[in-house]
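Beneath this line is the structure, given in structure tokens, with notes to follow.
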Amino acid sequence: MTTDNSSTLSPSTETPTHRPIRSFIRREGRLTAAQIRAINELLPAIELKADGAVLDMNVLFGRTAPVTLEIGFGNGESLLEMAAAAPNEDFIGIEVHRPGVGHLALGIERLGLTNIRIVAEDAVPFIRDRIADASLDRLLLYFPDPWHKARHHKRRIVQTEFANLVGQKLKKGGLWHLATDWAPYAEHMRTVLDAHPDFSSEHVGIGEAARPSWRPETKFERRGIRLQHAVFDLLYRRTNMPEPTA
């Protein structure tokens with residue numbers, strides 16, 4: 001499903017209603033029988049909705065532990081690998097592609113993991129409304145849609161407004177880890193975040209060929225490498241925090 005920010009007129013008021021700019025297109029693909037079972041039977045127990053009260057992570061996972069949120073986990077294999085390697089940490093994965101959601105739910109069942117929750121809706125409303133301020137230890141954004149055409153650059157999720165939101169939700173010292181195999185998008189990311197007062201960069205140079213040990217290689221990354229794309233890993237630490245109000 002393609003969405004844009006074009007306006008429509010209400011039949012009753014004739015006033016414009018603006019659609020939100022989406023950073024994704026919902027590409028459904030074909031669900032396997034196993035993925036359908038996972039969505040119907042497994043997902044309800046581990047799914048988080050975009051609507052609802054602000055989450056208490058200690059209650060959600062039944063313990064106090066570092067929390068990582070990944071936006072756009074694809075087929076979920078990288079998230080599974082990270083969660084399995086870090087059983088003392090907790091993870092929330094966001095993905096609108098239902099085959100990927102089903103694949104991740106099956107992986108959670110197969111590995112018996114209890115430290116992953118899934119959001120199958122738009123990332124921005126969920127992060128804005130359900131994630132408490134200063135509650136995330138890491139936010140991961142691996143290989144988001146680069147929106148190659150200039151007229152579509154406004155759809156890129158990495159914009160100053162979104163950086164403001166991420167800065168609000170990360171703890172002081174929290175890490176925002178971005179990866180892309182599209183050099184112009186990497187440059188755009190650095191332009192936005194190098195100028196942002198809430199973050200300081202920790203990657204070396206421009207982040208090319210600098211994959212940290214904790215990030216598994218992804219399917220999108222392997223495809224980019226086959227196309228001879230350079231891969232960029234950009235690390236930004238949450239620095240400045242607002243003074244508490246009296």
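The values are calculated or read from the model by the stated rules, or taken from the named source; none is laboratory data. From a predicted model like this one, the values you see are computed outputs, not experimental measurements. Don't worry about glycine lacking a Cβ; one is built from the backbone with ideal geometry, like all the others, and counts go over all protein chains shown. For accessibility, only protein heavy atoms count, side chains too; no ligands or nucleic acids. Shrake-Rupley method; radii C 1.70, N 1.55, O 1.52, S 1.80 Å.
The figures follow:
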{"item": "Longest to shortest principal axis, alpha-carbon extents of the range 116-181, angstrom", "result": "35, 26, 22"}
{"item": "Leading residue at positive end of dipole, the range 204-244 (Cβ point charges), from TYR236, PHE220, GLY207", "result": "PHE220"}
{"item": "Packing-based ranking, highest mean first, of 63-75, 210-222 given that Cβ atoms within 10 Å are counted", "result": "63-75, 210-222"}
{"item": "Tail weight of P(r) past 23 Å, computed on alpha-carbon pairs of the range 131-239, percent", "result": "25"}
{"item": "Charge sum, other residues only, whose C-beta stays under 14 Å from ALA209's C-beta, Lys/Arg counted +1 and Asp/Glu -1", "result": "-3"}
{"item": "Sulfur and carbon atoms: percent of accessible area, the range 26-70 [1.4 Å]", "result": "54"}
{"item": "Distant-in-sequence amide H partners of ARG117 (H built 1.01 Å from N, under 5 Å)", "result": "PHE91, ILE92, GLY93"}
{"item": "Summed side-chain charge close to TYR142 - residues other than TYR142 whose Cβ falls under 15 Å, Lys, Arg +1, Asp, Glu -1", "result": "-2"}
{"item": "Total formal charge among the other residues, if their Cβ is under 12 angstrom from that of ARG237, Lys/Arg +1 and Asp/Glu -1", "result": "+1"}
